[in-house]
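Engineer: A single structure is presented below for examination.
Where a number appears in this text, it was derived from the coordinates with a stated rule and is not lab data. From a predicted model like this one, the values you see are computed outputs, not experimental measurements. Cβ coordinates were reconstructed from backbone atoms using ideal geometry, including for glycine residues, and neighbour counts include every protein chain displayed.
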Amino acid sequence: MDKIRIRGGRALNGTIAVGGAKNAALPLMAASILIDGTLTLTNLPHLADIQTLGTLLEQLGVHVSVDGRVARLTASRIVSTTAPYDLVRKMRASVLVLGPLVARERRARVSLPGGCAIGARPIDLHLKGLQAMGAEIELSEGYVEARAPEGLRGAEIIFPFVSVGATENLLMAASLARGETVLKNAAREPEVQDLANCLVAMGAQIEGIGTDRLVVRGVDRLAPATHSILPDRIETGTYAMAAAITGGDIELTGTRLDLLDAAVVSLRGAGVSIEPTARGIRVQRTNAPLVGVDVMTEPYPGFPTDLQAQMMSLLTTAEGASMVTETIFENRFMHVPELRRMGANINLHGASAMVRGVRRLTGAPVMATDLRASVSLVIAGLAAEGETVVNRVYHLDRGYERVEAKLAACGADIERLKEAA
Ligand code: EPZ
């Protein structure tokens, strides 16, 4: 398995191009199942998770062709309605084919994902929503079997708490259901909005995009469309935090400040300058010291759970104390013991981590079993004295394209160590 070696202590200076959002691209690719023509997606990120979903879609009968940053997905005929265990286990987002398959084929068989490194992550809200829309759901041999022989019908669905994936699955299903579906307490994440906008371009009738109440009037068929995947706000925030911890000055292009929302407030609170430019965002912390801030993860527009680990790395060297509270996932602190091995002073109390700033981190061999935790260790390594080796780099490759090349181009001393197979 490849590793990443970093010799820390160099300030990042330069420009980094931010790619299309992984978590927008995945549901958008699944939406291709809804039409028998071609869905064209531009600004495609080149990531392991995108390839995994491409493989699953091809097994279902979708023809997937990728040409640079453009993906063309054509689902002329669905040949299978099963998402098998080996792919769902590799990537939970595979469950995003459930809604579109039931909507189009009136049936789907999707492996239950099981728990993962960051928590139990059930899909009960996806299933209850489909049931409310008339699907019969059975669990057998580790698979969810959903059938709607008469087709799906509109329903009122009130989510007890916010779920990005359930909102996306049901939004896709509702687009082809008979009648009106109302999704209340729906997720408002920019990636959900991006999916909704693409569905509208395909002919879906959706009101309330960007709010927590989505009203979908089902149509008989959707049509081919072309859609540009929105910029990756998590990649944006990750590089902003990397620049900030090193006392650097970088421009992030192809992205937007408004996508970061609460993270901007937290970064500014920590002493980081972050401003819009004509091409994206400029992040600087050239003289000012980092200062501790309290951060609590919340559904959008709150501080994103997918930036919690990176923010914690940044706060390890901030003056004073910071309280980092995780409210979305129950087990998303795997980076804490690793950061401690690099000299961070962090105490865990249930869902909160108390971070007391230290003057400096020191390099160490580290690893993590989740992509955001892994990249948080890269961020810590950039600021640490000495050498850090981050193991299990395949987690990084799931969500960050050429992370070492982008950082090296801004002056980081970082390289990938290829392991002979
Ligand atoms: C999406 O996961 C993202 N993944 C995650 O990104 C992100 O962390 C998460 O949203 C929260 O923002 C994709 O978009 C592909 P949820 P998702 O349903 O949809 C519980 C990354 O690093 N829940 O909003 O699976 C669940 O266990 C990743 O890129 C239920 O209990 O997240 C969690 O505690 C990791 N029942 C909470 O809700 C359900 O049926 C929010 O999960 C569904 C969810």
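Engineer: To check my understanding: the extent here is largest minus smallest coordinate of the Cα atoms along each principal axis. What are those three numbers for the chain, in Å, largest first?
Structural biologist: Extents along the principal axes, in whole Å: 65, 46, 41.
Engineer: Of the listed pairs LYS22/LYS406; LYS90/LYS406; LYS3/LYS406, which have alpha-carbon separations greater than 21 Å here? Intermediate values should be presented prior to the final figure.
Structural biologist: Working: LYS22/LYS406 17 Å; LYS90/LYS406 26 Å; LYS3/LYS406 16 Å.
Exceeds cut-off: LYS90/LYS406.
Engineer: Which value, in debye to the nearest 20, gives the size of the charge dipole of the chain about its Cα centre, when Lys and Arg are +1 and Asp and Glu are -1 at the Cβ?
Structural biologist: On the way: 44 positive and 45 negative charges, 85 e Å.
The calculation lands at about 400 debye.
Engineer: By its C-alpha gyration tensor, with a ≥ b ≥ c as the square roots of the eigenvalues, how is the range 179-271 shaped: rounded for a/c under 1.5, else prolate for a/b larger than b/c, else oblate?
Structural biologist: Numbers: a/c = 5.11, a/b = 2.19, b/c = 2.33.
Here the range 179-271 falls in the oblate category.
Engineer: Assuming a ≥ b ≥ c are the square roots of the Cα gyration tensor eigenvalues, decide whether the range 72-215 counts as rounded (a/c under 1.5), prolate (otherwise, with a/b larger than b/c) or oblate. Working shown, then result.
Structural biologist: Values: a/c = 1.42, a/b = 1.22, b/c = 1.17.
In terms of gyration-tensor shape, rounded.
Engineer: Spelling out what I want: for every residue of the range 228-235, take phi, set θ = phi - 60°, compute 6.51 cos²θ - 1.76 cosθ + 1.60 (Karplus), and round to whole Hz; glycine and proline get x.
Structural biologist: Once θ is set to phi - 60°, the couplings for the range 228-235 become 9, 5, 5, x, 7, 6, 6, 4 Hz.
Engineer: Ok, one more. Once the principal axes of the Cα atoms of the range 265-388 are found, what is the range along each, listed largest first in whole angstroms?
Structural biologist: 39, 35, 27
Engineer: Please work out the Cα center distance from the range 287-309 to the range 120-146, rounded to the nearest Å.
Structural biologist: 34
Engineer: Let me ask another. If I stretch the segment between GLU141 and ALA117 completely, what's the gain in nm (0.36 nm per residue apart, minus their alpha carbon distance), one decimal?
Structural biologist: Taking 0.36 nm per residue and subtracting the Cα distance, the gain is 6.4 nm.
Engineer: Using alpha carbons only, what's the Rg to Rh ratio of the range 201-355 with Rh from Kirkwood?
Structural biologist: Details: Rg = 18.4 Å, Rh = 17.2 Å.
Across the range 201-355, the Cα-based Rg/Rh ratio is 1.07.
Engineer: Compute the length gained on full extension between LYS184 and ASP86: take 0.36 nm times their separation in residues and subtract their Cα-Cα distance, giving the result in nm to one decimal. List each step's numbers first, then the result.
Structural biologist: Numbers: separation 98, 0.36 × 98 = 35.28 nm, distance 3.32 nm.
Between LYS184 and ASP86, full extension yields an extra 32.0 nm.
Engineer: For the chain, with the dipole built from +1 on Lys and Arg beta-carbon atoms and -1 on Asp and Glu ones, taken about the Cα centre, which of TYR85, ALA309, VAL219 lies farthest toward the positive end?
Structural biologist: ALA309
Engineer: Now for a separate question. Could you tell me what percent of the DSSP beta bridges with both partners in the chain are antiparallel, to the nearest 5? Each step should come with its number before you reach the end.
Structural biologist: Values: 57 of 80 bridges.
Close to 70 percent.
Engineer: Which percent of Cα pairs goes in each bin when the distances of the range 1-155 are cut into 10 angstrom slices starting at zero?
Structural biologist: 10, 35, 32, 15, 6, 2, 0
Engineer: While we're looking at this one, here's another question. Sorted from largest down, what three extents in whole angstroms do the Cα atoms of the range 42-117 have along their principal axes?
Structural biologist: Largest to smallest, the principal-axis extents are 34, 33, 16 Å.
Engineer: Something else: So what is Rg over Rh here for the range 243-298, counting just Cα atoms and using Kirkwood for Rh?
Structural biologist: My calculation puts Rg/Rh at 0.97.
Engineer: For SER65 and ARG359, what is the calculated FRET efficiency with R₀ set at 45 Å and r taken between the beta-carbons, to the nearest 0.05? Don't skip to the end; give the middle numbers.
Structural biologist: On the way: r = 52 Å, r/R0 = 1.17.
The calculated FRET efficiency here is 0.30.
Engineer: Nearest 10 degrees, 0 to 90: what angle lies between the long axis of helix 190-201 and the longest principal axis of the chain (Cα atoms)?
Structural biologist: So the helix axis and the longest Cα principal axis differ by about 30 degrees.
Engineer: Here's a follow-up. If the viscosity is 1.306 mPa s and the temperature 10 °C, what Stokes-Einstein diffusion coefficient in µm²/s follows for the range 351-401 when Rh is the Kirkwood radius over Cα pairs? All intermediate terms of the calculation are to be shown ahead of the outcome.
Structural biologist: On the way: Rh = 11.8 Å.
Reported coefficient: 135 µm²/s.
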